[in-house]
(Lines give C-alpha, C1' and ligand atoms only; values in the text may rest on other atoms or scores of the structure.)
Protein backbone atom coordinates (compact mmCIF):
# COMPACT_ATOMS: atom_id res chain seq x y z
CA UNK A 1 0.00 0.00 0.00
CA UNK A 2 1.30 3.47 -0.94
CA UNK A 3 1.11 5.50 2.27
CA UNK A 4 1.23 8.75 0.30
CA UNK A 5 -2.19 8.21 -1.32
CA UNK A 6 -5.62 9.17 -0.06
CA UNK A 7 -7.89 6.10 0.12
CA UNK A 8 -11.67 5.85 0.17
CA UNK A 9 -11.31 4.68 3.75
CA UNK A 10 -9.98 8.10 4.70
CA UNK A 11 -13.52 9.38 4.22
CA UNK A 12 -15.27 6.54 6.04
CA UNK A 13 -15.41 8.11 9.48
CA UNK A 14 -13.42 5.19 10.91
CA UNK A 15 -9.81 4.59 11.86
CA UNK A 16 -8.32 5.90 8.63
CA UNK A 17 -10.40 9.09 8.87
CA UNK A 18 -9.26 9.70 12.41
CA UNK A 19 -5.66 9.00 11.46
CA UNK A 20 -5.82 11.52 8.60
CA UNK A 21 -7.28 14.16 10.90
CA UNK A 22 -4.94 13.55 13.81
CA UNK A 23 -1.74 13.05 11.80
CA UNK A 24 -2.18 15.62 9.04
CA UNK A 25 -5.18 17.95 8.98
CA UNK A 26 -5.57 19.04 12.61
CA UNK A 27 -1.84 19.61 13.26
CA UNK A 28 -1.67 21.71 10.09
CA UNK A 29 -4.73 23.90 10.67
CA UNK A 30 -5.57 24.00 14.37
CA UNK A 31 -4.28 26.31 17.06
CA UNK A 32 -1.93 25.00 19.72
CA UNK A 33 -4.81 24.44 22.14
CA UNK A 34 -6.36 20.92 22.30
CA UNK A 35 -8.93 20.15 19.60
CA UNK A 36 -12.02 18.41 20.95
CA UNK A 37 -13.43 17.40 17.54
CA UNK A 38 -17.02 18.26 18.42
CA UNK A 39 -19.72 18.65 15.78
CA UNK A 40 -19.54 22.45 15.89
CA UNK A 41 -17.19 25.18 17.04
CA UNK A 42 -18.16 27.48 19.91
CA UNK A 43 -17.10 31.01 19.09
CA UNK A 44 -16.58 34.20 21.05
CA UNK A 45 -18.08 37.15 19.15
CA UNK A 46 -17.29 40.81 19.83
CA UNK A 47 -20.06 43.43 19.64
CA UNK A 48 -21.33 44.43 16.21
CA UNK A 49 -23.14 42.96 13.24
CA UNK A 50 -22.12 39.60 11.83
CA UNK A 51 -20.96 39.12 8.26
CA UNK A 52 -21.07 35.60 6.84
CA UNK A 53 -19.91 34.25 3.48
CA UNK A 54 -19.23 30.94 1.74
CA UNK A 55 -17.45 29.92 -1.44
CA UNK A 56 -16.06 26.86 -3.23
CA UNK A 57 -12.74 26.46 -5.03
CA UNK A 58 -12.06 24.19 -8.01
CA UNK A 59 -9.04 25.93 -9.58
CA UNK A 60 -6.98 24.01 -12.15
CA UNK A 61 -4.05 23.58 -11.69
CA UNK A 62 -4.16 23.39 -7.90
CA UNK A 63 -0.61 24.80 -7.64
CA UNK A 64 0.25 27.96 -9.58
CA UNK A 65 2.81 30.79 -9.37
CA UNK A 66 1.92 32.84 -6.32
CA UNK A 67 -0.27 30.32 -4.49
CA UNK A 68 -2.32 27.16 -4.50
CA UNK A 69 -5.91 26.11 -3.98
CA UNK A 70 -5.44 26.27 -0.19
CA UNK A 71 -4.19 29.85 0.05
CA UNK A 72 -6.81 30.80 -2.55
CA UNK A 73 -9.64 29.37 -0.43
CA UNK A 74 -8.56 31.20 2.71
CA UNK A 75 -7.79 34.53 1.04
CA UNK A 76 -10.91 34.46 -1.12
CA UNK A 77 -13.15 33.99 1.92
CA UNK A 78 -11.30 36.61 3.97
CA UNK A 79 -11.63 39.08 1.11
CA UNK A 80 -15.37 38.54 0.69
CA UNK A 81 -15.83 39.52 4.34
CA UNK A 82 -13.47 42.47 4.03
CA UNK A 83 -15.43 43.83 1.05
CA UNK A 84 -18.33 44.46 3.42
CA UNK A 85 -16.03 46.36 5.77
CA UNK A 86 -16.07 43.43 8.20
CA UNK A 87 -13.14 42.19 10.28
CA UNK A 88 -12.74 38.48 9.44
CA UNK A 89 -12.55 36.25 12.51
CA UNK A 90 -13.33 32.57 11.85
CA UNK A 91 -13.25 30.17 8.90
CA UNK A 92 -14.57 26.68 8.23
CA UNK A 93 -12.92 24.43 5.66
CA UNK A 94 -14.50 21.53 3.77
CA UNK A 95 -12.16 19.25 1.82
CA UNK A 96 -13.43 16.99 -0.98
CA UNK A 97 -10.58 14.65 -1.93
CA UNK A 98 -10.36 12.24 -4.82
CA UNK A 99 -9.21 8.71 -4.10
CA UNK A 100 -5.54 8.50 -4.99
CA UNK A 101 -4.75 12.12 -4.19
CA UNK A 102 -1.28 12.64 -2.76
CA UNK A 103 -0.98 13.16 1.00
CA UNK A 104 2.23 15.08 0.29
CA UNK A 105 0.36 17.56 -1.89
CA UNK A 106 -2.45 17.76 0.65
CA UNK A 107 0.12 18.60 3.31
CA UNK A 108 1.49 21.44 1.17
CA UNK A 109 -2.03 22.80 0.62
CA UNK A 110 -2.85 22.65 4.33
CA UNK A 111 0.39 24.44 5.17
CA UNK A 112 -0.49 27.20 2.70
CA UNK A 113 -3.94 27.51 4.27
CA UNK A 114 -2.49 27.89 7.75
CA UNK A 115 0.05 30.45 6.54
CA UNK A 116 -2.68 32.45 4.78
CA UNK A 117 -4.93 32.33 7.86
CA UNK A 118 -2.10 33.52 10.10
CA UNK A 119 -1.31 36.38 7.71
CA UNK A 120 -4.95 37.45 7.68
CA UNK A 121 -5.31 37.08 11.45
CA UNK A 122 -8.19 34.60 11.26
CA UNK A 123 -8.75 31.19 12.87
CA UNK A 124 -9.80 28.00 11.12
CA UNK A 125 -12.19 26.61 13.72
CA UNK A 126 -14.14 23.78 12.07
CA UNK A 127 -14.23 21.68 8.93
CA UNK A 128 -15.04 18.43 7.20
CA UNK A 129 -13.30 15.93 4.93
CA UNK A 130 -14.90 13.69 2.33
CA UNK A 131 -13.28 11.25 -0.14
CA UNK A 132 -14.93 10.36 -3.45
CA UNK A 133 -13.99 7.46 -5.80
CA UNK A 134 -11.23 7.93 -8.35
CA UNK A 135 -12.53 9.81 -11.38
CA UNK A 136 -15.47 11.41 -9.53
CA UNK A 137 -13.63 14.65 -8.77
CA UNK A 138 -10.44 16.39 -9.89
CA UNK A 139 -7.93 15.73 -7.08
CA UNK A 140 -9.22 18.25 -4.54
CA UNK A 141 -12.08 20.73 -4.16
CA UNK A 142 -12.40 23.07 -1.17
CA UNK A 143 -15.43 24.77 0.33
CA UNK A 144 -14.82 27.55 2.82
CA UNK A 145 -17.11 29.73 4.91
CA UNK A 146 -16.21 32.74 7.00
CA UNK A 147 -17.62 34.85 9.80
CA UNK A 148 -16.60 38.40 10.60
CA UNK A 149 -17.81 41.33 12.64
CA UNK A 150 -18.93 44.69 11.30
CA UNK A 151 -18.56 47.75 13.51
CA UNK A 152 -21.51 50.06 13.95
CA UNK A 153 -21.56 52.93 11.46
CA UNK A 154 -19.93 51.06 8.57
CA UNK A 155 -22.24 50.94 5.56
CA UNK A 156 -20.50 49.50 2.50
CA UNK A 157 -22.60 47.97 -0.25
CA UNK A 158 -22.72 47.51 -3.99
CA UNK A 159 -25.81 49.69 -3.94
CA UNK A 160 -24.07 52.73 -2.42
CA UNK A 161 -22.23 54.22 -5.42
CA UNK A 162 -23.08 57.89 -5.93
CA UNK A 163 -22.59 60.43 -8.75
CA UNK A 164 -19.15 61.96 -8.47
CA UNK A 165 -17.56 58.91 -6.81
CA UNK A 166 -14.04 58.13 -7.98
CA UNK A 167 -13.31 54.48 -8.77
CA UNK A 168 -9.99 53.17 -7.46
CA UNK A 169 -8.39 49.81 -8.18
CA UNK A 170 -5.75 48.67 -5.71
CA UNK A 171 -3.22 47.44 -8.28
CA UNK A 172 -2.50 45.69 -11.56
CA UNK A 173 -5.42 43.75 -12.97
CA UNK A 174 -5.62 40.25 -14.42
CA UNK A 175 -2.56 38.83 -12.63
CA UNK A 176 -4.31 35.81 -11.12
CA UNK A 177 -6.12 34.73 -14.26
CA UNK A 178 -3.03 34.97 -16.43
CA UNK A 179 -0.83 33.19 -13.86
CA UNK A 180 -3.27 30.26 -13.68
CA UNK A 181 -3.74 30.16 -17.45
CA UNK A 182 0.02 30.19 -18.10
CA UNK A 183 0.57 27.40 -15.58
CA UNK A 184 -2.30 25.33 -16.97
CA UNK A 185 -1.24 25.65 -20.58
CA UNK A 186 2.53 25.54 -20.02
CA UNK A 187 3.09 29.01 -21.48
CA UNK A 188 6.66 30.25 -21.27
CA UNK A 189 6.58 33.96 -20.48
CA UNK A 190 9.52 36.33 -20.76
CA UNK A 191 8.26 38.10 -17.64
CA UNK A 192 6.86 35.83 -14.91
CA UNK A 193 3.31 36.60 -13.87
CA UNK A 194 2.35 35.53 -10.36
CA UNK A 195 -1.10 35.32 -8.88
CA UNK A 196 -2.03 38.29 -6.72
CA UNK A 197 -3.69 35.94 -4.18
CA UNK A 198 -3.57 37.82 -0.85
CA UNK A 199 -5.73 38.82 2.15
CA UNK A 200 -7.09 42.34 1.74
CA UNK A 201 -8.51 42.90 5.22
CA UNK A 202 -5.46 44.80 6.44
CA UNK A 203 -5.60 47.17 3.48
CA UNK A 204 -9.33 47.64 3.95
CA UNK A 205 -8.86 48.53 7.63
CA UNK A 206 -6.49 51.35 6.65
CA UNK A 207 -8.88 52.51 3.93
CA UNK A 208 -11.76 52.68 6.40
CA UNK A 209 -9.65 54.71 8.81
CA UNK A 210 -8.80 57.18 6.04
CA UNK A 211 -12.01 57.55 4.06
CA UNK A 212 -14.52 56.89 6.87
CA UNK A 213 -18.06 57.42 5.53
CA UNK A 214 -16.67 58.54 2.17
CA UNK A 215 -15.95 54.91 1.28
CA UNK A 216 -19.18 53.76 -0.36
CA UNK A 217 -18.43 50.48 -2.19
CA UNK A 218 -15.78 47.79 -1.96
CA UNK A 219 -15.66 44.73 -4.19
CA UNK A 220 -12.96 42.23 -5.18
CA UNK A 221 -13.10 41.68 -8.96
CA UNK A 222 -12.65 37.91 -9.13
CA UNK A 223 -14.51 35.90 -11.79
CA UNK A 224 -15.59 38.23 -14.59
CA UNK A 225 -12.83 40.69 -13.74
CA UNK A 226 -12.99 44.45 -13.29
CA UNK A 227 -15.47 45.04 -16.11
CA UNK A 228 -18.14 42.64 -14.87
CA UNK A 229 -17.74 43.80 -11.26
CA UNK A 230 -18.12 47.49 -12.12
CA UNK A 231 -21.12 46.70 -14.32
CA UNK A 232 -22.74 44.83 -11.41
CA UNK A 233 -22.15 47.78 -9.07
CA UNK A 234 -23.47 50.29 -11.61
CA UNK A 235 -26.67 48.31 -12.05
CA UNK A 236 -27.10 47.73 -8.31
CA UNK A 237 -26.57 51.43 -7.53
CA UNK A 238 -28.48 52.67 -10.61
CA UNK A 239 -25.65 54.91 -11.78
CA UNK A 240 -23.63 55.41 -14.96
CA UNK A 241 -19.86 55.02 -15.03
CA UNK A 242 -17.04 56.12 -17.32
CA UNK A 243 -13.68 54.31 -17.11
CA UNK A 244 -10.35 55.54 -18.48
CA UNK A 245 -8.44 52.91 -20.45
CA UNK A 246 -5.08 54.67 -20.16
CA UNK A 247 -5.36 54.64 -16.34
CA UNK A 248 -5.68 50.85 -16.00
CA UNK A 249 -2.59 49.44 -14.24
CA UNK A 250 -1.29 46.37 -16.11
CA UNK A 251 1.67 44.06 -15.50
CA UNK A 252 3.72 43.84 -18.74
CA UNK A 253 3.37 40.05 -18.78
CA UNK A 254 -0.41 40.25 -18.44
CA UNK A 255 -0.58 42.83 -21.19
CA UNK A 256 1.51 40.63 -23.48
CA UNK A 257 -0.43 37.41 -22.85
CA UNK A 258 -3.76 39.17 -23.35
CA UNK A 259 -2.55 40.71 -26.63
CA UNK A 260 -1.31 37.36 -27.96
CA UNK A 261 -4.39 35.36 -26.93
CA UNK A 262 -6.96 38.03 -27.70
CA UNK A 263 -8.09 38.40 -24.08
CA UNK A 264 -9.38 41.62 -22.57
CA UNK A 265 -7.64 42.14 -19.19
CA UNK A 266 -10.77 43.90 -17.94
CA UNK A 267 -12.45 40.48 -17.83
CA UNK A 268 -9.56 38.45 -16.36
CA UNK A 269 -9.88 37.32 -12.73
CA UNK A 270 -8.08 38.85 -9.75
CA UNK A 271 -7.68 37.38 -6.25
CA UNK A 272 -5.80 40.07 -4.35
CA UNK A 273 -7.18 43.32 -5.74
CA UNK A 274 -10.15 45.46 -4.82
CA UNK A 275 -12.30 48.17 -6.35
CA UNK A 276 -13.36 51.13 -4.23
CA UNK A 277 -16.02 53.73 -4.99
CA UNK A 278 -15.15 56.75 -2.87
CA UNK A 279 -16.43 60.32 -2.47
CA UNK A 280 -14.33 62.72 -4.59
CA UNK A 281 -13.21 64.81 -1.61
CA UNK A 282 -11.69 61.69 0.02
CA UNK A 283 -10.19 60.13 -3.10
CA UNK A 284 -6.73 61.72 -3.06
CA UNK A 285 -6.08 60.97 0.61
CA UNK A 286 -7.34 57.41 0.20
CA UNK A 287 -5.18 56.82 -2.86
CA UNK A 288 -2.11 58.04 -1.00
CA UNK A 289 -2.86 55.78 1.98
CA UNK A 290 -3.40 52.79 -0.28
CA UNK A 291 -0.10 53.34 -2.09
CA UNK A 292 1.72 53.24 1.24
CA UNK A 293 0.42 49.69 1.85
CA UNK A 294 2.22 46.69 0.26
CA UNK A 295 -1.02 45.53 -1.40
CA UNK A 296 -1.87 48.97 -2.77
CA UNK A 297 1.43 50.20 -4.21
CA UNK A 298 0.03 50.34 -7.76
CA UNK A 299 -3.38 51.74 -6.84
CA UNK A 300 -4.92 54.05 -9.42
CA UNK A 301 -8.07 56.04 -10.11
CA UNK A 302 -9.56 54.36 -13.19
CA UNK A 303 -12.89 56.13 -13.59
CA UNK A 304 -15.81 57.87 -11.98
CA UNK A 305 -19.54 57.71 -11.50
CA UNK A 306 -20.93 60.31 -13.87
CA UNK A 307 -24.64 60.39 -13.03
CA UNK A 308 -27.66 58.51 -11.81
CA UNK A 309 -28.76 56.15 -14.55
CA UNK A 310 -29.59 52.62 -15.57
CA UNK A 311 -26.16 51.05 -15.03
CA UNK A 312 -24.43 52.03 -18.25
CA UNK A 313 -20.63 51.60 -18.18
CA UNK A 314 -18.43 53.09 -20.87
CA UNK A 315 -14.70 53.16 -21.47
CA UNK A 316 -12.82 56.19 -22.73
CA UNK A 317 -10.31 54.52 -25.03
CA UNK A 318 -6.70 55.53 -25.61
CA UNK A 319 -7.71 57.02 -28.97
CA UNK A 320 -10.36 59.21 -27.38
CA UNK A 321 -13.55 57.35 -28.22
CA UNK A 322 -16.11 55.73 -25.94
CA UNK A 323 -17.01 52.05 -26.00
CA UNK A 324 -19.63 50.17 -24.05
CA UNK A 325 -18.46 47.86 -21.27
CA UNK A 326 -20.77 44.93 -20.60
CA UNK A 327 -20.70 41.89 -18.32
CA UNK A 328 -18.63 38.90 -19.34
CA UNK A 329 -20.63 36.66 -21.66
CA UNK A 330 -19.90 32.99 -20.96
CA UNK A 331 -16.66 31.72 -19.44
CA UNK A 332 -13.48 33.39 -20.70
CA UNK A 333 -11.16 31.32 -18.48
CA UNK A 334 -12.87 28.34 -16.76
CA UNK A 335 -11.81 27.01 -13.34
CA UNK A 336 -9.79 30.06 -12.45
CA UNK A 337 -10.69 29.96 -8.75
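The values are calculated or read from the model by the stated rules, or taken from the named source; none is laboratory data. Small disclaimer: the values here were computed from a predicted structure and weren't measured. Counting neighbours? That spans all protein chains shown, and the Cβs are built from the backbone with ideal geometry, glycine included.
Details
- Enumeration of residues in segment 246-289 that are in contact with a strand residue (DSSP E or B) (Cβ under 8 Å, 6 or more places away or on another chain) and over 23 Å from residue 223 (Cα atoms): 279, 280, 282, 283, 286, 287
- Residue in segment 29-47 that is in contact with a helix residue (DSSP H, G or I) (Cβ under 9 Å, 6 or more places away or on another chain), in contact (Cβ under 8 Å) with a residue 24 or more places away in the chain and either under 30 Å from residue 214 (Cα atoms) or not assigned by TED's automatic domain parsing to the domain that holds residue 139 (or both) present: no
- Of all the criteria given as (1) under 21 Å from the mean Cα position of the chain (by Cα); (2) within 27 Å of residue 328 (Cα to Cα); (3) not assigned by TED's automatic domain parsing to the domain that holds residue 63, the one not satisfied by residue 202 is (2).
- Unique match (being surrounded by fewer than 19 Cβ atoms within 10 Å (Cβ to Cβ), under 19 Å from residue 6 (Cα atoms) and under 19 Å from the mean Cα position of the chain (by Cα)) among 121, 135, 94: 94
- Restricted to strands (runs of 3 or more DSSP E) entirely inside segment 251-337, those with at least 1 residues that are surrounded by fewer than 17 Cβ atoms within 10 Å (Cβ to Cβ) are 300-308, 313-316, 322-324.
- Residue 36 being more than 25 Å from the chain's Cα centre (by Cα) and under 19 Å from residue 113 (Cβ atoms): no
- Scanning segment 57-71 turns up one or more residues that are under 16 Å from the mean Cα position of the chain (by Cα) and without any contact (Cβ under 8 Å) to a residue 60 or more places away in the chain.
This table checks each residue for (1) under 20 Å from residue 306 (Cβ atoms); (2) modelled with pLDDT of 95 or more; (3) touching a strand residue (DSSP E or B) at 6+ places or on another chain (Cβ under 9 Å).
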| site | (1), (2), (3) |
| --- | --- |
| 151 | no, no, yes |
| 159 | yes, yes, yes |
| 177 | no, yes, no |
| 225 | no, yes, no |
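- Test: residue in segment 45-67 that is modelled with pLDDT under 90 and under 14 Å from residue 146 (Cα atoms): yes
- Flag if residue 168 is part of a strand (DSSP E or B) and within 30 Å of residue 245 (Cβ to Cβ): yes
- Within segment 97-118, if we keep just the residues that are over 19 Å from residue 51 (Cβ atoms) and crowded, with 20+ Cβ neighbours inside 10 Å, the residue that is farthest from the chain's Cα centre (by Cα) turns out to be 101.
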